[in-house]
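Undergrad: Have a look at the structure that comes next, please.
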Amino acid sequence: MTTSNTKAKDFIREIIDEDLKKDKYNGRVQTRFPPEPNGYLHIGHAKSICLNFGIANECQGLCNLRFDDTNPIKEEEEYVQSIKDDIQWLGFDWDNRLFFASDYFDQIYDYAIQLVKEGMAYVDDLQADEISNYRGTLIQPGKNSPYRERSIKENLELLKRMKAGEFADGEKVLRAKIDMTHPNLNMRDPIMYRILHTSHHRTKNEWYIYPMYDWAHGLEDSIEGITHSICTLEFENHRPLYDWFLEKLGVYQPQQIEFARLNITYTVMSKRMLLEIINKGIVSGWDDPRLPTLRGMRRRGYPPQAIRNFCRRIGVSKVNSMVDIEILEHCIRDELNKTAPRFMGVLNPLKVVITNYPIGKVEELEGINNPENPSAGTRKIPFSRILYIEKEDFMEEPPKKFYRLAPGREVRLRYAFFITCQKAIMKNNEVIELRCTIDPETHGGYAPDGRKVKSTIHWVSAPQALNAEIRLYNHLFTVPNPTGQNNVDLKEFINPQSLEILKKCKVEPMVQNLKPFSRFQFERKGYFCIDPDTTENNLIINQTIGLKDTWAKIKKK
């Protein structure tokens, strides 16, 4: 059993292929995605999801979803549900393999008792700042705690009392007894348990001590029989500690493999930083379309298939790097170009009166739903005497290379007629209305005499047009690497033009049939999505991305 059906082999898949050839785990491949339920997932998590679930699928293996819920102070059931929803939205499923670290609290505690009995763990009374001072530095060894040589009997009794809730938070901890002079700071008697008198989202008030992440994580993989524990690079220095725990306990030991986490230009991937941005009111919440959260990307209209394609395109490596956001945007456009239906919408309306078109007449013209997909069919578009076009599609005194509508100039109305501007109506030195005529012989947008026009513009029929609020988005930060700036508040790099709200937009009536999160293209303007806050009387549309694809042009050179 191999992963030979994949087009490109990254180093992780090569390792797994070799393990399968050697029958290292009896032909099994079992991975896991282990989020902490203390926030919403972002696209960095999507990379891990695609990797773990993808490898399991390719190898006819299994992938567990396991919540590392060892810190009740920051964890909530809300986050558990949101993570499950996001994984399924991405297109993956864990079937009946949903687990929690809290499922194993009793077993992990029993393992701690085992280490205490074997003289490899002890209860320490040092306070947090003292433990930090005793730990030493990268160039200075640590020193032993004065409580390190407590008897096994005393340690067992104190641990039992910790579990019973007899001590205050921070009064005592359980530590592994390894080596305070070890060059790897993670091996200098790490904390295994701390006291927390707080309710857990699943176990409620059953426990007063909670396992530290480094103590629990490797054990969870072991208990579940994970074959390949795939982590990001920051856990590479923790691997010796995981191995030490498993070896001393004499239990099953998975193989840990580390890869570089995802970093994308013009955004941040830190939960702490994202929470800071949210708490300061810079964005509206975890699902703000400017954030790299999966909730935000869904609300903005990013297709899950495009995110999967992006994760596949960038691959995995052992070297940290910054991925250009234009690669992600290219994947979004590539997918939407194939799948998004087309409509017409006018973001900055300019009224047009067609003076030679009958008052009260309305006819239906035929528009193509998606030129990339003939099976998508066509739609009916109403046409009448009064239209709206984009303000930017008219200039009273056009420069040389402006080919759109101008006084006396003929252009094509998309799917409709050739139109000529006869007069511009002014108010306070601003054009507020155009008086135009059409050539009735150009029905459908083509002249029977073969004459050509240099421009085609979009429009909507005024009587049938829907009013819409359209939100335009740009990068949240003004610099490519906001976290790489020294001694500067992140807020200083917030882009003040990251959100523009247009409240007087006009869109064609077929848009009213779309449901929240529906994705589509406004011709000539870009890709958009129906916002979930839309109501019957308030149509809200989010811009997903513009039509221009800089990265694709660079790639072709």
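Undergrad: State whether one or more residues within region 389-399 are over 46 Å from the mean Cα position of the chain (by Cα), surrounded by fewer than 19 Cβ atoms within 10 Å (Cβ to Cβ) and within 26 Å of LEU466 (Cβ to Cβ).
TA: First pass over region 389-399, keeping only residues over 46 Å from the mean Cα position of the chain (by Cα): none.
No; the residues of region 389-399 include none that is over 46 Å from the mean Cα position of the chain (by Cα), surrounded by fewer than 19 Cβ atoms within 10 Å (Cβ to Cβ) and within 26 Å of LEU466 (Cβ to Cβ).
Undergrad: To continue, here is another question. For PRO304, all conditions in the list (1) surrounded by fewer than 21 Cβ atoms within 10 Å (Cβ to Cβ); (2) out of contact with any Phe, Trp or Tyr (no Cβ under 6 Å at 6 or more places or on another chain) hold save one; what is the number of the exception?
TA: (2)
Undergrad: If you take just the strands (runs of 3 or more DSSP E) that sit entirely in region 137-236, which of them hold at least 1 residues that are under 25 Å from ASP68 (Cβ atoms), basic (Lys, Arg) and touching a residue at least 40 places away in the same chain (Cβ under 8 Å)?
TA: On the way: elements: 173-176, 191-195, 209-211, 228-232.
Correct list: 173-176.
Undergrad: Just give me the residues in region 213-233 being of a type in the set (A, V, I, L, M) and over 18 Å from GLU247 (Cα atoms), in sequence order.
TA: Passing the criteria: ILE230, LEU233.
Undergrad: Among (1) under 19 Å from PHE402 (Cβ atoms); (2) out of contact with any Phe, Trp or Tyr (no Cβ under 9 Å at 6 or more places or on another chain); (3) surrounded by 14 or more Cβ atoms within 10 Å (Cβ to Cβ), where does GLU430 come up short?
TA: (3)
Undergrad: Exactly one of these conditions fails for ALA164: (1) surrounded by 13 or more Cβ atoms within 10 Å (Cβ to Cβ); (2) under 13 Å from TYR210 (Cα atoms); (3) among the aliphatic types (A, V, I, L, M). Give me its number.
TA: (1)
Undergrad: Taking the condition crowded, with 16+ Cβ neighbours inside 10 Å, in contact with a His (Cβ under 9 Å, 6 or more places away or on another chain) and not hydrophobic (A, V, I, L, M, F, W, C), does LYS271 pass?
TA: On the way: crowded, with 16+ Cβ neighbours inside 10 Å: yes; in contact with a His (Cβ under 9 Å, 6 or more places away or on another chain): yes; not hydrophobic (A, V, I, L, M, F, W, C): yes.
Considered against the rule, which asks whether it is crowded, with 16+ Cβ neighbours inside 10 Å, in contact with a His (Cβ under 9 Å, 6 or more places away or on another chain) and not hydrophobic (A, V, I, L, M, F, W, C), LYS271 comes out as yes.
Undergrad: Further question on the same structure: If we scan region 274-289, do we find a residue that is acidic (Asp, Glu), surrounded by fewer than 20 Cβ atoms within 10 Å (Cβ to Cβ) and in contact with a helix residue (DSSP H, G or I) (Cβ under 6 Å, 6 or more places away or on another chain)?
TA: The initial filter retains those residues of region 274-289 that are acidic (Asp, Glu), namely 276, 287-288.
Retained after the next criterion (residues that are surrounded by fewer than 20 Cβ atoms within 10 Å (Cβ to Cβ)): 276, 287.
Cutting the leftovers down to in contact with a helix residue (DSSP H, G or I) (Cβ under 6 Å, 6 or more places away or on another chain) gives us 287.
Yes: one or more hits.
Undergrad: Step by step: first the residues of region 238-262, then only those that are more than 27 Å from the chain's Cα centre (by Cα) and of a type in the set (Phe, Trp, Tyr), then the one that is surrounded by the most Cβ atoms within 10 Å (Cβ to Cβ). Which residue is that? It would help to see each step written out before you state the result.
TA: Filtering region 238-262 for residues more than 27 Å from the chain's Cα centre (by Cα) gives 239-255.
Filter once more, keeping what is of a type in the set (Phe, Trp, Tyr): 242, 244-245, 252.
Details: TYR242: 23, TRP244: 19, PHE245: 27, TYR252: 14.
Filtering first and then ranking leaves PHE245.
Undergrad: Within region 1-120, which helices (runs of 4 or more DSSP H) (wholly inside it) include 3 or more residues that are under 30 Å from LYS248 (Cβ atoms)? If you could, list the steps in order and put the result at the bottom.
TA: Working: elements: 11-21, 43-58, 77-90, 105-117.
Correct list: 11-21, 43-58, 105-117.
Undergrad: Quick check on this structure: which one of GLU75, GLU154 is of a type in the set (D, E, K, R) and surrounded by fewer than 17 Cβ atoms within 10 Å (Cβ to Cβ)? Break it down stepwise before answering.
TA: On the way: GLU75 fails: surrounded by fewer than 17 Cβ atoms within 10 Å (Cβ to Cβ).
Of the residues listed, the single one that is of a type in the set (D, E, K, R) and surrounded by fewer than 17 Cβ atoms within 10 Å (Cβ to Cβ) is GLU154.
Undergrad: Another one. Would you mind stating whether VAL316 is surrounded by 15 or more Cβ atoms within 10 Å (Cβ to Cβ) and either over 22 Å from THR478 (Cα atoms) or not assigned by TED's automatic domain parsing to the domain that holds LEU499 (or both)?
TA: On the way: surrounded by 15 or more Cβ atoms within 10 Å (Cβ to Cβ): yes; either over 22 Å from THR478 (Cα atoms) or not assigned by TED's automatic domain parsing to the domain that holds LEU499 (or both): yes.
Yes; evaluated as a whole, the condition is true for this residue.
Undergrad: Name the residues in region 38-85 that are within 17 Å of THR198 (Cβ to Cβ) and in contact with a Lys or Arg (Cβ under 6 Å, 6 or more places away or on another chain), would you?
TA: ASN38
Undergrad: With the requirement that a residue be of a type outside the set (Phe, Trp, Tyr), in contact with a strand residue (DSSP E or B) (Cβ under 9 Å, 6 or more places away or on another chain) and not in a strand (DSSP E or B), what does region 337-360 give you? So that I can check it myself, show each step before the final result.
TA: Quick first cut of region 337-360, residues of a type outside the set (Phe, Trp, Tyr) only: 337-342, 344-356, 358-360.
Restricting the remaining residues to those that are in contact with a strand residue (DSSP E or B) (Cβ under 9 Å, 6 or more places away or on another chain) gives 337, 339-342, 344-356.
Scanning region 337-360 gives ASN337, THR339, ALA340, PRO341, MET344, LEU347, ASN348, THR355, ASN356.
Per-residue answers, yes or no, for (1) surrounded by 15 or more Cβ atoms within 10 Å (Cβ to Cβ); (2) modelled with pLDDT of 95 or more:
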site: ASN467; (1), (2): no, yes
site: LYS504; (1), (2): no, yes
site: LYS515; (1), (2): no, yes
site: GLN521; (1), (2): yes, yes
site: TRP551; (1), (2): yes, no
site: LYS556; (1), (2): no, no
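Undergrad: For region 507-539, what are the residues that are among the hydroxyl-bearing types (Ser, Thr, Tyr) and in a loop (DSSP other than H, G, I, E, B)? Spell out the reasoning first.
TA: Filtering region 507-539 down to residues among the hydroxyl-bearing types (Ser, Thr, Tyr) leaves 518, 527, 534-535.
The answer is SER518, THR534.
Undergrad: Out of all the residues in region 480-497, which are in a loop (DSSP other than H, G, I, E, B) and free of Cβ contacts under 8 Å to residues at least 12 places away in the same chain? Let's see the steps before the verdict.
TA: If we filter region 480-497 for residues that are in a loop (DSSP other than H, G, I, E, B), which is where we start, we get 480-481, 485-489, 495-497.
The answer is GLN485, ASN486, ASN487, VAL488, ASP489, PRO496.
Undergrad: Within the group THR544, THR478, which residue is among the hydroxyl-bearing types (Ser, Thr, Tyr), surrounded by fewer than 18 Cβ atoms within 10 Å (Cβ to Cβ) and assigned by TED's automatic domain parsing to the domain that holds ARG333? Explain how you work it out, then say what you get.
TA: Working: THR544 fails: surrounded by fewer than 18 Cβ atoms within 10 Å (Cβ to Cβ).
Within the list THR544, THR478, the selection yields THR478.
The values are calculated or read from the model by the stated rules, or taken from the named source; none is laboratory data. As the structure is a computational prediction, the values presented were derived from the model and not from experiment. When we count neighbours, we look across all protein chains shown, and the Cβ atoms used for this are built from the backbone with ideal geometry, even at glycine.
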